[in-house]
Amino acid sequence: MKKKFFSLIAVMCTVFCFTSCSNNDEPATPGSKFEDRDYTDESGLTLTVNGTPYFGKSVDFKHVDGDKAVVTLAGAPLDLSAIIGGVMSKADNQPAPGFSIPTSGVIPGAPSVEIPVTLVGDADKCTFSGTHETEYATFSYTGAMEGENLNFEVKDLTLKNTSMAATYATVSSEYNVFDVFRVVWEADKQILDMPVSSIVGLMSVFIKINNAEGQSESLMSLFPKMLKDITLGADGSVVATYADTDKEGWPIVTSPKGFADYVVKEDGSILLFVNPANIVTSLVNVASKSRALDINALITGLMTDVVPLIANGIPVCYGPAIVDQEGTVTDDPSNISFYLDEEVLLPILKLAAPVLSDKDIVNAIVEAASKDPNMGFMAGMLPGILASVPEVIDTTSKIQIGINVNKM
């Protein structure tokens with residue numbers, strides 16, 4: 001009996017020893033239970049940048065070996081087919097085939113940022129932290145992973161070039177449109193026997209919009225009341241102070257961070273990163289008013305000319321303001337222009353030309369103008385103006401459209 005008892009004890013000890021040795025041979029490494037995956041708003045990602053929640057982004061996690069991993073910060077792809085298909089179905093057109101487009105990244109100026117990290121913790125819960133830099137910015141970061149969730153914080157984000165970090169107030173004027181807007185448009189073709197710059201300038205005076213009190217006011221006069229100022233932050237953020245025209249009395253509000261970012265590309269040029277859904281939806285909404293337009297051509301144009309601007313940034317020029325139609329430059333160093341030039345505008349205008357000259361769309365625009373008490377007087381001129389658009393665009397050699405501001 002004693003012999004059997006001691007034999008049982010020996011077997012139990014042997015099993016225990018082997019079990020212990022097995023656990024020692026295969027220790028659980030930090031994060032080993034986390035599978036490679038792409039975290040987004042819909043799949044467990046909480047992302048903040050300098051304390052501000054950011055949405056529409058992604059953080060891709062890949063386990064390398066042991067406590068080593070790589071995280072990649074990027075913009076979450078935009079489902080273009082959902083936008084186009086949803087709008088175009090209203091016009092009884094076939095929805096676009098399924099595809100997505102890249103969007104701007106988490107860090108200004110970087111569509112994606114790959115960061116090697118060292119995991120600290122255990123197999124089920126771990127953290128990582130460090131510092132990193134890109135071409136345009138420096139920052140620190142912390143990450144915490146638990147269950148299906150990733151909390152990622154970007155901290156101390158600062159642009160390497162902060163020369164344009166400041167607040168810029170829009171300019172008001174009662175008489176001179178060139179005080180408010182930068183309008184330079186040189187083309188061989190004229191509109192109604194007038195230079196294109198003159199037509200654009202006159203339209204900002206003649207186009208009337210109801211103000212906060214419901215009274216008709218010119219776009220030139222109303223614009224600085226609608227957009228008060230723009231602040232370019234040292235962290236690459238773009239924040240605007242503007243009138244909320246959807247609310248009674250047009251209260252002044254400030255846009256949250258995260259909707260637009262910028263970097264200084266070089267002297268005289270910044271790259272602006274904006275929400276791509278707004279651009280695509282606006283173009284497709286206009287196109288949906290016609291049954292004759294080639295939606296495939298529109299999509300091709302979007303993919304060729306607009307998508308690269310979304311992911312890589314819109315080049316926005318800046319420089320001394322031009323204060324009259326002759327191109328006179330201001331001698332006030334604080335009075336500058338932010339504007340788009342032919343590099344950006346011409347490809348988009350060529351894409352929009354067939355849309356704006358389409359018969360169905362022209363009729364819709366003229367009808368809308370004729371019903372608007374502020375625009376009715378222009379209804380008779382619009383067909384001739386819109387009919388000139390394609391040739392004006394084809395013969396354009398220089399174009400600069402933007403706003404004048406005072407650096408505060």
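When you scan the range 113-128, do you find a residue that is assigned to a strand (DSSP E or B) and under 25 Å from E266 (Cα atoms), even just one?
yes
Return the total of residues in the range 232-244 being in contact (Cβ under 8 Å) with a residue 24 or more places away in the chain and either surrounded by 17 or more Cβ atoms within 10 Å (Cβ to Cβ) or farther than 23 Å from Y318 by Cα (or both).
So the count comes out to 7.
Specify the residue that is surrounded by the fewest Cβ atoms within 10 Å (Cβ to Cβ); the eligible residues are those in the range 253-263 that are at pLDDT below 95 and either over 18 Å from the mean Cα position of the chain (by Cα) or of a type in the set (A, V, I, L, M, F, W, C) (or both).
V253
When the range 373-408 is examined, which residues are found to be under 30 Å from K225 (Cα atoms), out of contact with any helix residue (DSSP H, G or I) (no Cβ under 9 Å at 6 or more places or on another chain) and not small (G, A, S)?
P373, N374, M381, V405, N406, K407, M408 - these are the residues of the range 373-408 that are under 30 Å from K225 (Cα atoms), out of contact with any helix residue (DSSP H, G or I) (no Cβ under 9 Å at 6 or more places or on another chain) and not small (G, A, S).
Do you know which residues across the range 27-52 are closer than 15 Å to G66 by Cβ and either touching a residue at least 60 places away in the same chain (Cβ under 8 Å) or open to solvent by less than 70 Å² (accessible area, probe 1.4 Å) (or both)?
The answer is A28, T29, P30, G31, S32, K33, F34.
Cβ-Cβ below 7 Å, separation at least six or inter-chain, first residue in the range 155-166 and touching a residue at least 60 places away in the same chain (Cβ under 8 Å), second among the basic types (K, R) and part of a strand (DSSP E or B): which pairs?
A166/K407
Of the conditions (1) under 23 Å from the mean Cα position of the chain (by Cα); (2) modelled with pLDDT under 90, G268 clears all except one; give me its number.
The number of the failed condition is (2).
Return the residues of the range 175-189 that are surrounded by fewer than 17 Cβ atoms within 10 Å (Cβ to Cβ) and either touching a Leu at 6+ places or on another chain (Cβ under 9 Å) or touching a residue at least 24 places away in the same chain (Cβ under 8 Å) (or both); say none if nothing qualifies.
Those that are surrounded by fewer than 17 Cβ atoms within 10 Å (Cβ to Cβ) and either touching a Leu at 6+ places or on another chain (Cβ under 9 Å) or touching a residue at least 24 places away in the same chain (Cβ under 8 Å) (or both): N176, E186, D188, K189.
Output the strands (runs of 3 or more DSSP E) that fall wholly within the range 183-273 and possess 1 or more residues being of a type in the set (F, W, Y), or say none.
Passing ranges, in order: 238-243, 260-266.
The values are calculated or read from the model by the stated rules, or taken from the named source; none is laboratory data. Source: prediction; values computed, not measured. A quick note on method: Cβ atoms are made from the backbone with ideal geometry, for glycine too, and the neighbour counts reach across all protein chains shown. When the accessible area is computed, the model is the full protein with side chains, heavy atoms only, and any ligands, DNA or RNA have been set aside. Shrake-Rupley method; radii C 1.70, N 1.55, O 1.52, S 1.80 Å.
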